[in-house]
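Only the coordinates and a few stated rules stand behind these numbers; no lab work does. Predicted model only: the values in this text are computed from it and were never measured. FYI the Cβ positions are ideal-geometry reconstructions off the backbone, even for glycines, and counts take in every protein chain you see.
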Amino acid sequence: MVNDDRTGRSAVKVEHSLPGEPAGRDLIDRMLRVDHAGEYGAQRIYQGQIAVLGRGRFGPVLQHMAEQEQKHLETFERLIAERRTRPSALQPVWHVAGFALGAGTALMGEKAAMACTVAVEEVIDEHYAQQRDSLGDDEPELRDTLEQFRLEELEHRDIGLDHGATDTVGYRVLTGAIKAGSRLAIWLAERV
């Protein structure tokens with residue numbers, strides 16, 4: 001790490017091969033911003049699902065996943081504060097959209113809620129793996145945190161699969177739409 005005299009913050013040397021892609025401190029800021037927004041959105045998805053299905057047999061399963069997402073969110077809130085990174089300006093959008101996605105899929109049924117989980121977590125798995133790989137050895141603590149969270153997101157995906165996600169009517173269409181929306185949300189949160 002190198003000290004950036006202009007901000008007093010540490011600058012990180014992270015290599016990137018594509019022209020125009022952020023590097024160093026800008027890359028870390030972008031990662032923290034999008035990951036914070038994503039974990040906030042995930043928390044809201046589970047809150048929406050719990051609002052609809054929380055008193056049924058899926059309540060404890062949803063609560064377990066929501067508790068893990070809350071720990072992820074708290075970690076990124078701490079990192080954003082420590083590194084003085086600006087959170088996404090689209091936070092109000094994630095607040096409404098996350099809850100609406102969670103409640104909407106839960107209203108479609110338990111299996112649709114699980115299909116939502118599978119779709120979101122598959123995109124997040126890819127996202128965290130790309131971030132982890134781009135960090136290399138420059139940010140070992142952040143890299144290890146991303147890997148730990150990636151594995152927990154895969155646990156959520158597996159829970160969704162174990163609870164009948166693929167039996168949802170229109171599974172491919174539903175998960176395809178949710179994945180596309182998740183990828184768009186990632187792209188926006190990185191930039192705004």
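Just for region 106-150: of the residues that are more than 14 Å from His72 (Cβ to Cβ) and among the acidic types (Asp, Glu), which one is surrounded by the fewest Cβ atoms within 10 Å (Cβ to Cβ)?
Taking the candidates together, the pick is Asp137.
Of the residues examined, Arg132 is one that is in a helix (DSSP H, G or I), free of Cβ contacts under 8 Å to residues at least 24 places away in the same chain and in contact with an Asp or Glu (Cβ under 8 Å, 6 or more places away or on another chain).
Under the condition of being without any contact (Cβ under 8 Å) to a residue 60 or more places away in the chain and aliphatic (A, V, I, L, M), the residues counted in region 156-192 number 7.
Here is the figure for region 90-105: residues that are surrounded by fewer than 16 Cβ atoms within 10 Å (Cβ to Cβ) and β-branched (Val, Ile, Thr) total 1. One residue stands out in region 51-63 among those that are touching a residue at least 40 places away in the same chain (Cβ under 8 Å) and not in a loop (DSSP other than H, G, I, E, B): the one that is nearest to the chain's Cα centre (by Cα), namely Leu62. Looking across region 71-88, the residues that are surrounded by fewer than 17 Cβ atoms within 10 Å (Cβ to Cβ) and over 16 Å from the mean Cα position of the chain (by Cα) come down to Ala81, Glu82, Arg83, Arg84, Arg86.
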